[in-house]
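Asks: Before anything else, here's the structure in question.
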Amino acid sequence: MRTFTLVLRDEAQEEVEAIADWYDAQSPGLGLRFSEELEMALKQLRRNPHHQVRKGVYRYAYITGFPHYRVVYAIDGETITVYQVRHTSRKPHPKYGP
């Protein structure tokens, strides 16, 4: 089974940290749960990144347990680049689609 290389852009990493901090402020330990679920989603993504294309080359994956969060990524050869981890109620970046 082929495994892809995953690259998390700095902007996406900052979003992940802010989301986890926000969840921890709501309920201690919830930020850790979010981070663990995200890690599982990224692990699955590395094995099978071919999800539905939504806008051009950008694809979306969702986080189990946090269904309103979307991982926005693109595949280039053997590399997956994660551009955003965002809540679906947030106004989307025009480049990455809805």
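The values are calculated or read from the model by the stated rules, or taken from the named source; none is laboratory data. Treat the numbers as computed from the prediction; the structure is a model and nothing was measured. Positions of Cβ are generated from backbone atoms using ideal geometry, with glycine treated the same way; all protein chains shown enter the neighbour counts.
Asks: Select from the stretch 18-37 the residues that are over 15 Å from TYR62 (Cα atoms) and hydroxyl-bearing (Ser, Thr, Tyr) and write down the one among them that is nearest to the chain's Cα centre (by Cα).
Replies: TYR23
Asks: Let me ask something else. Report, ordered by the first and then the second residue, all pairs with beta carbons closer than 6 Å, sequence separation of six or more or different chains, a first member in the stretch 50-67 that is within 16 Å of ARG86 (Cα to Cα), and a second member that is at pLDDT 80 or above and small (Gly, Ala, Ser).
Replies: As it stands, the answer is TYR58/ALA74; ALA61/ALA41; ILE63/ALA41, since those pairs meet every condition given.
Yes/no matrix, rows are residues, columns are (1) in a loop (DSSP other than H, G, I, E, B); (2) at pLDDT 95 or above; (3) aliphatic (A, V, I, L, M); (4) closer than 14 Å to ARG9 by Cβ:
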| position | (1), (2), (3), (4) |
| --- | --- |
| LEU32 | no, yes, yes, no |
| GLU36 | no, yes, no, no |
| PRO49 | yes, no, no, no |
| TYR60 | no, no, no, no |
| HIS68 | no, no, no, no |
| VAL72 | no, no, yes, yes |
| THR81 | no, yes, no, yes |
| SER89 | yes, no, no, no |
| PRO92 | yes, no, no, no |
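Asks: Looking at the stretch 38-66, which of the residues that are surrounded by 12 or more Cβ atoms within 10 Å (Cβ to Cβ) and of a type in the set (Lys, Arg) is nearest to the chain's Cα centre (by Cα)?
Replies: Only one residue tops the list, namely ARG59.
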